[in-house]
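Chemist: Structure incoming, see below.
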Amino acid sequence: MCLICLGLNENKLTSMEGYANLSEMKDSIPEAHVDEVLSKLDQLSRQEVDQLIREFSADLNSLNQELDEKLSSEDDCYWEEEDEIC
Ligand SMILES: [Zn+2]
């Protein structure tokens, strides 16, 4: 157990921070434990990517919904209030 593991256990580190810390600390950590930390960071970075993808698709869904609502009300001009083009 090292500072990086402590940070990871408490969810106080992102994988990027963990990798940065590891590159600074790897000389003071036993080699076997460096491998352990690397696999933890690898796992975390996958979770972070999954999370980003989930957020991104949620954003896309709500954009799509907004667009659908705007397109379904054909009589209303989308820009009307903003710059009075209509
Ligand atoms: Zn550790």
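Chemist: Show the residue pairs that are 6+ apart or on different chains and have beta-carbon atoms under 7 Å apart, the first residue being within the range 30-47 and more than 14 Å from Tyr19 (Cα to Cα), the second being within 12 Å of the ligand (Cβ to nearest atom) and at pLDDT below 95.
Modeler: none
Chemist: Could you pull out the residue among Ser23, Ser39, Ser15 that is at pLDDT 95 or above, surrounded by 11 or more Cβ atoms within 10 Å (Cβ to Cβ) and of a type in the set (S, T, N, Q)? Even if it seems obvious, please write down each step before you answer.
Modeler: Numbers: Ser23 fails: surrounded by 11 or more Cβ atoms within 10 Å (Cβ to Cβ); Ser39 fails: surrounded by 11 or more Cβ atoms within 10 Å (Cβ to Cβ).
Of the residues listed, the single one that is at pLDDT 95 or above, surrounded by 11 or more Cβ atoms within 10 Å (Cβ to Cβ) and of a type in the set (S, T, N, Q) is Ser15.
Chemist: Return the residue satisfying two criteria in turn: it lies in the range 42-86 and is among the polar types (S, T, N, Q) and modelled with pLDDT under 90, and of such residues it is surrounded by the most Cβ atoms within 10 Å (Cβ to Cβ).
Modeler: Residues of the range 42-86 that are among the polar types (S, T, N, Q), as a first pass: 43, 45, 47, 51, 57, 61-62, 64-65, 72-73.
Those still in the list that are modelled with pLDDT under 90 too: 72-73.
Numbers: Ser72: 8, Ser73: 10.
Checking each candidate, the answer is Ser73.
Chemist: Okay, next question. Based on this model, can you work out whether Leu67 counts as touching a residue at least 12 places away in the same chain (Cβ under 8 Å) and part of a helix (DSSP H, G or I)? Can you show your working first?
Modeler: Working: touching a residue at least 12 places away in the same chain (Cβ under 8 Å): no; part of a helix (DSSP H, G or I): yes.
Judged against the criteria, Leu67 is not a match.
Chemist: Among the residues of the range 24-72, how many are over 21 Å from Ile4 (Cβ atoms) and among the hydroxyl-bearing types (Ser, Thr, Tyr)?
Modeler: 3
Chemist: Count, please, the residues in the range 11-35 that happen to be within 18 Å of Gln51 (Cβ to Cβ) and not in a helix (DSSP H, G or I).
Modeler: Here is the first cut: in the range 11-35, the residues within 18 Å of Gln51 (Cβ to Cβ) are 11-19.
Now narrow it down to the ones that are not in a helix (DSSP H, G or I): 11-14.
Residues meeting the conditions: 4.
The values are calculated or read from the model by the stated rules, or taken from the named source; none is laboratory data. All values reported here derive from a predicted model rather than from experimental measurement. Don't worry about glycine lacking a Cβ; one is built from the backbone with ideal geometry, like all the others, and counts go over all protein chains shown.
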